Every structure is written in C-alpha cells, then in structure tokens.
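Please read the structure below before turning to the comments.
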Amino acid sequence: MTTSERKKLEKSLKPHWVWAIAFGSAIGWGAFVLPTDWINQAGPMGVTIGILLGAVLMMIIGVSYGFLIEKFPVTGGEFAYAYIGFGRKVAFFAGWFLTLGYICIVALNASALALLAKFLFPEFVHTGNLYTVAGYDVSIIQIAIASIALIIFALLNIRGASFSGRTQFFFSMLLIAGIVLLAIGAILTEGPSLTNMSPGFSPDKTPIGSILTILALAPFAYVGFDNIPQAAEEFEFEPKKAFGLIIWSLLAAGLAYSIMIWVTASSMPWQELLTYIQDTGSVWGTGDAIESYLGRAGVFIIALAVCMGIFTGLNGFYISSSRLTFAMSRARILPDAFRRLHPKYNTPYIGILFTMFFCLFAPWFGREALLWVVDMSSTGVAVAYFFCTAAAYKFLAWSEQDRPGSFPKTVAPGRKALSLIGIISSIGFLALLLLPWSPAALGRESYIALGVWIMIGLAFYLFNAKRYNSISRKEMNYLIFEKEEID
C-alpha cells in the first residue's frame with residue numbers, strides 16, 4: 001500500500017471560518033423565507049418553542065459529533081463514523097442519504113434566490129413564463145437566476161477551502177447585521193407589537209401538536225452544523241475545538257430563527273398576515289411583513305440578509321457535498337473521478353461540478369416540486385444523525401468495567417448518556433417524518449422522491465459493490481482514516 005493511493009486535502013480552515021460555515025449553512029435562506037409558513041403550521045409560540053427545542057436536541061447530538069471529530073478528524077463525517085461503528089454497507093447507506101440532503105439544499109438555496117427576485121422585480125421575473133408546475137409559474141428568468149448562482153458558487157468553491165471560508169465569514173457577518181437591524185426596527189417603530197402574536201399556537205392543533213410539527217423540521221432547519229465534520233480534515237487548528245464551534249453555531253442559529261419569527265409575527269395580527277398573503281398570492285410573506293412597518297428600506301435590509309443567507313447556504317453545502325463524495329470515492333464506493341483534486345487549487349472539483357450539474361435540473365421543475373424533495377431530505381439528515389450518535393455510543397463507556405470489547409472505548413458516562421438521548425431523538429425525528437399519522441408526516445410526493453433516491457443509491461451500490469467489498473478492513477481503514485488500526 002502506498003500513500004499515493006490516498007489523496008489528502010490541505011489544512012487551511014481557521015476556527016471562525018468553520019463556525020461561519022456551520023452557522024451560515026444552518027440559517028441559509030430559511031430564517032427569512034419560512035417564518036410565515038411555519039407560523040401558519042404552529043402559531044408564533046409553537047414555532048419558537050419547537051425551533052429552540054430543536055436547537056437543544058441538535059446540541060445534544062452535537063456532543064457525539066464533537067467527540068467523533070476529535071477522535072477521527074477526517075473528511076466524510078457521518079460516512080466515516082457509520083463505517084467504523086457498523087461496517088461498510090451501513091456507511092454507504094448513511095453517506096448516500098446525507099448526500100441527498102446536502103445536494104437538495106444547494107438546489108433549494110438557488111431557487112430561493114429566484115424567489116427573492118420574483119418578490120423584488122415581479123414583472124421582470126414573469127417575463128418568459130414557460131409552464132406551471134403544481135401551481136407555480138416557471139419562467140426562463142427564474143431558471144437563469146438560479147442557474148447563474150449555482151455556476152458562480154461552484155467556481156468559487158473550486159478556488160479552495162480558504163477562499164470559501166473567508167467569504168463565508170464575510171457573508172455571515174452581513175447576515176447577522178441584517179437580522180439585528182430588522183429587530184431594532186421592530187422595537188423602535190410603532191406598528192409591531194407582541195399582542196399581534198396572540199394566539200400563540202395554531203387553532204387547528206393542540207399546543208403539543210404545534211410544537212411537534214416544527215420539532216420534526218429541526219434536522220432540516222439546523223442541517224449545516226454537521227458541515228463541520230465534513231471539513232475536519234482541512235482544520236488548521238486542533239480538532240477538539242470543533243465541539244465548541246458546533247455549540248456556538250447552533251446557539252446563534254436558534255436565536256436568529258427566533259428573532260425572525262418574532263419580527264414577522266409581531267408586524268400585524270399574524271392570522272391577518274396569513275389571510276393577506278393568501279388573498280394577494282404573495283410569494284414572500286416575511287418580506288410583506290417587514291415592508292408593513294419599515295417600508296422599502298426594510299425590504300432592502302431583508303433582501304440583503306436573505307441574499308447573504310442564500311450565499312452562505314450555497315457555499316457551505318457545496319463544501320460539504322463535495323467533501324462527502326470525495327470521502328466516499330476515496331473509500332472506493334463512488335467512481336474514482338470524485339477523488340480527483342484540482343491541479344492548482346487542490347479541491348475535490350469533480351464533486352463540486354457533480355453537485356452543480358445535478359442542481360441545474362432543479363429550477364426547471366419549479367419551487368413547489370422542489371419542496372417535495374427537500375421535505376424528504378430531512379429524512380436523509382435524520383438518518384445521518386442516528387448513525388453518528390450510535391457510533392459515538394459504541395465508542396464511549398459507562399465505566400472502566402464497560403471498556404472491554406471490540407471497540408477501543410473512552411470512559412465518559414455523561415457523553416454516553418447524551419449520545420443515547422441523541423439516538424432516541426434521531427429515531428423520534430424519523431418517526432415524526434415517516435409515520436403517516438404523525439402531524440409532520442411526509443406527503444405522497446415526498447415519499448415518491450424518497451423511493452427514487454433509494455433506487456438510484458441501490459444502482460450506485462450494485463455498480464461498485466464488488467470493488468468496495470473486496471478491499472480488506474485494514475486497507476479500508478487506511479483509505480478512510482489514514483491508519484490501518486483504529487485506536
């Protein structure tokens with residue numbers, strides 16, 4: 001075995017860049033586009049409690065991530081953790097589902113940019129309407145906007161991790177500034193009032209049902225903090241710092257979501273706001289809410305913030321999807337092309353281009369059809385969370401007496417207990433999404449999309465299974481972790 005068989009990524013990412021990758025990816029466009037949708041489902045207090053409770057559960061899951069990043073600072077994240085904990089077949093299963101989540105979110109961020117343009121320049125964007133999908137008009141202008149964004153951010157990511165990290169931090173700071181300005185505007189102007197947030201929960205659901213509806217979306221709302229393990233091989237700092245970066249990114253994301261929910265719901269009686277959105281056919285309810293008390297200046301601020309959210313989402317998930325496919329190719333389960341590194345920038349450019357190519361199809365299907373795919377991508381993320389927490393549980397021990405076994409264990413009863421809670425939470429997320437009687441169950445279209453993705457994954461696996469399964473365990477350990485024995 002020679003070192004040339006295992007390509008390596010350069011260590012170039014600073015701590016604040018990695019924090020920005022996690023925070024910016026977790027926030028993305030969702031904090032600025034989804035508040036009215038979520039308020040409609042659960043009411044302002046139901047959303048706030050659900051989203052903050054989701055952050056707490058993600059932090060608990062983050063304990064497992066922090067432990068495994070410190071123990072295995074390699075790219076691949078959940079793919080690598082599932083392999084060492086449960087074997088190569090499970091590793092492919094976890095990696096394939098996570099790839100789905102990452103690529104879908106890249107596509108959805110690009111479509112959000114087209115949605116923003118549709119709100120700001122409706123007449124221009126409606127130019128060249130082609131057809132309608134699920135009630136959503138698809139125009140050539142929207143397709144062009146989303147496609148150009150996908151191409152530009154693919155090219156930026158090819159230029160290197162340090163370039164991506166630096167721009168991510170800059171975008172994240174502008175995003176935070178936009179949220180702060182909107183909050184200050186809501187406090188200082190006359191229109192917004194906390195009384196507008198009554199009733200706190202959806203009249204159509206019980207308070208518990210409202211909270212569970214939003215809690216089920218937590219894997220999607222906070223997906224992005226798990227971009228940190230995908231970049232672990234490129235840290236230029238000690239991997240043990242990763243846990244703190246995860247916690248701070250989740251805390252900041254939870255606060256950002258909550259502020260935008262309250263800013264939106266307090267602008268006017270929230271049920272009147274929803275009625276207005278429905279009657280006018282508004283494409284962006286949060287933008288309407290901000291405009292009601294800050295005028296066009298508010299629209300400019302939130303437009304800037306949502307652009308930064310879209311940019312951080314595109315940038316962060318291009319990084320993660322390309323690193324994940326690179327790691328899976330390095331383990332020989334995906335085609336060899338995915339582990340090629342750019343001759344000048346040393347980036348896994350084939351994975352970046354693959355993500356771009358796959359996502360370029362998305363704008364042609366319209367935003368509503370894309371939402372069906374994204375809804376089921378939460379399933380892929382929850383699957384990845386489960387295998388991460390389960391792997392951490394296997395590597396942690398309750399006591400010295402619990403250490404003997406096939407795994408080299410670390411005695412840490414507190415972290416083992418939290419990893420167990422993380423396992424239960426992940427199963428709970430999957431149950432809320434997949435059980436048909438759940439208040440947050442996937443729709444029929446999302447189940448179909450999930451089935452299609454599973455079939456594509458099965459084809460990929462069967463095509464590469466012979467080579468993948470013929471590699472010895474020691475060699476596979478080396479390809480994934482750069483060492484033959486796991487200690």
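The values are calculated or read from the model by the stated rules, or taken from the named source; none is laboratory data. Note that the structure is a prediction, hence the values are computed from the model and not measured. Please note: Cβ atoms are built from the backbone with ideal geometry, for glycine as well, and neighbour counts cover all protein chains shown. Quick note on the areas: whole protein, heavy atoms, side chains included, nothing else; ligands and nucleic acids left out. Shrake-Rupley method; radii C 1.70, N 1.55, O 1.52, S 1.80 Å.
Packing-wise, with mean Cβ within 10 Å as the measure, how do 176-186, 285-295, 70-80 rank, highest first?
Peptide ranking by packing, descending: 70-80, 285-295, 176-186.
If you put +1 on each Lys and Arg Cβ and -1 on each Asp and Glu Cβ, how big is the dipole of the chain around its Cα centre, in Debye rounded to 20?
Charge dipole, the chain, about its Cα centre: 1760 debye, nearest 20.
Positive end of the dipole of the chain, charges at C-beta (+1 Lys, Arg; -1 Asp, Glu), about the Cα centre: which of Ile333, Ala221, Asn129 has its Cα farthest in that direction?
Going by the charge dipole, the pick is Ile333.
Nearest 20 debye, what's the magnitude of the dipole of region 1-113 about its Cα centre given +1 on Lys and Arg Cβ and -1 on Asp and Glu Cβ?
For this selection, approximately 440 debye.
Rank Thr410, Ile310, Thr36 by how far each Cα sits towards the positive end of the charge dipole of the chain (+1 on Lys, Arg Cβ; -1 on Asp, Glu Cβ) and give me just the farthest.
Of the options given, the answer is Thr410.
Give, to the nearest whole percent, the P(r) tail of region 5-153 beyond 23 angstrom, counting all Cα pairs.
56
Please list the equivalent ellipsoid semi-axes of the chain, computed as the square roots of five times the alpha-carbon gyration tensor eigenvalues, in descending order and whole angstrom.
The three semi-axes for the chain are 37, 25, 21 Å.
Please list, ordered by chain and number, the residues whose modelled amide H lies under 5 Å from the amide H of Leu130; skip anything fewer than 5 residues away on the same chain.
So Leu130 has HN proximity to Val138, Ser139, Ile140.
Picking from Ala154, Ser249, Asn469, whose Cα lies most toward the positive end of the charge dipole for the chain (charges on Cβ: Lys, Arg +1; Asp, Glu -1)?
Asn469
Which whole-Hz ³J(HN,Hα) couplings does region 452-458 yield from phi under the Karplus relation 6.51 cos²θ - 1.76 cosθ + 1.60, θ = phi - 60°, glycine and proline marked x?
Couplings: 4, 5, 4, 5, 5, x, 4 Hz.
Of the listed pairs Lys409/Lys483; Lys241/Lys344; Lys11/Lys71; Lys416/Lys474; Lys14/Lys474, which have alpha-carbon separations greater than 20 Å here?
Lys241/Lys344; Lys416/Lys474; Lys14/Lys474
For region 107-146, list residues with backbone N below 13 Å from a point placed 7 Å from the Cα of Glu445 toward its Cβ?
132-138
With n ≥ 4 as the cut-off for DSSP H runs, can you work out [θ] at 222 nm for the chain, using -39500 (n - 2.57) per run divided by the number of residues, rounded to the nearest 500?
Computed ellipticity for the chain at 222 nm equals -23500 deg cm²/dmol.
Each residue of region 390-399 in turn: what ³J(HN,Hα) in whole Hz from Karplus with 6.51, -1.76, 1.60 and θ = phi - 60°, glycine and Pro shown as x?
5, 5, 4, 4, 6, 8, 9, 10, 5, 7
Give, in nm to one decimal, the length gained when the segment between Arg296 and Ile421 is fully stretched (0.36 nm per residue of separation minus the Cα-Cα distance).
This chain segment gains 40.4 nm when fully extended.
Give me the percent relative contact order of region 256-410, please, defined on Cα pairs under 8 angstrom at least 6 residues apart.
Relative contact order here is 10 percent.
On a straight-distance basis, which aspartates and glutamates could pair with Lys118 in a cross-link, Cα separation under 20 angstrom, same-chain partners fewer than 8 positions away excluded?
Asp37, Asp137, Asp279, Asp288, Glu291, Glu368
Can you tell me the length gained on complete extension of the stretch Glu484 to Arg159, counting 0.36 nm per residue apart and subtracting the Cα distance?
113.8 nm
Per residue of region 150-164, in order, report the coupling 6.51 cos²θ - 1.76 cosθ + 1.60 (Karplus, θ = phi - 60°) as ³J(HN,Hα) in whole Hz, putting x for Gly and Pro.
Rounded to whole hertz, the list is 4, 5, 4, 6, 5, 5, 4, 5, 5, 5, x, 5, 5, 5, 5.
For Leu304 and Ile152, what is the calculated FRET efficiency with R₀ set at 22 Å and r taken between the beta-carbons, to the nearest 0.05?
Efficiency computed from Cβ-Cβ geometry: 0.80.
For the ranges 443-452, 466-475, what's the packing order if you count other beta-carbon atoms within 10 Å of each residue, average per peptide, and put the highest first?
Going by the mean number of other Cβ atoms within 10 Å, highest first, we get 443-452, 466-475.
Can you give me the accessible area per residue for the chain, using a 1.4 Å probe, in Å²?
About 38 Å² of surface per residue is accessible.
In cubic angstrom, how much convex hull volume per residue do the alpha carbon atoms of region 70-154 span?
Hull volume over Cα atoms, normalised by residue count, gives 135 Å³.
Once amide H atoms are placed 1.01 Å from N in the peptide plane, what residues at a sequence separation of 5 or more from Leu396, or on another chain, have their amide H within under 5 Å of its amide H?
For Leu396, whose amide H was placed from the backbone, the distant partners under 5 Å are Thr410.
With every protein chain left in place, what is the accessible area of Trp17 in Å² (1.4 Å probe, nearest 10)?
The value for Trp17 is about 20 Å².
Would you tell me the accessible area of Glu484, worked out with a 1.4 angstrom probe on the heavy atoms of the protein chains, in Å² to the nearest 10?
The accessible area of Glu484 comes to roughly 80 Å².
Find, among the trypsin sites (Lys or Arg not before Pro) in region 155-218, those assigned to loop by DSSP (not H, G, I, E, B) with at most 11 other beta-carbon atoms within 10 angstrom.
Passing both the DSSP loop test and the Cβ count: no residue.
Between Ala134 and Ser470, what length comes free when the chain is fully extended (0.36 nm per residue of separation minus the Cα-Cα distance, one decimal in nm)?
116.4 nm
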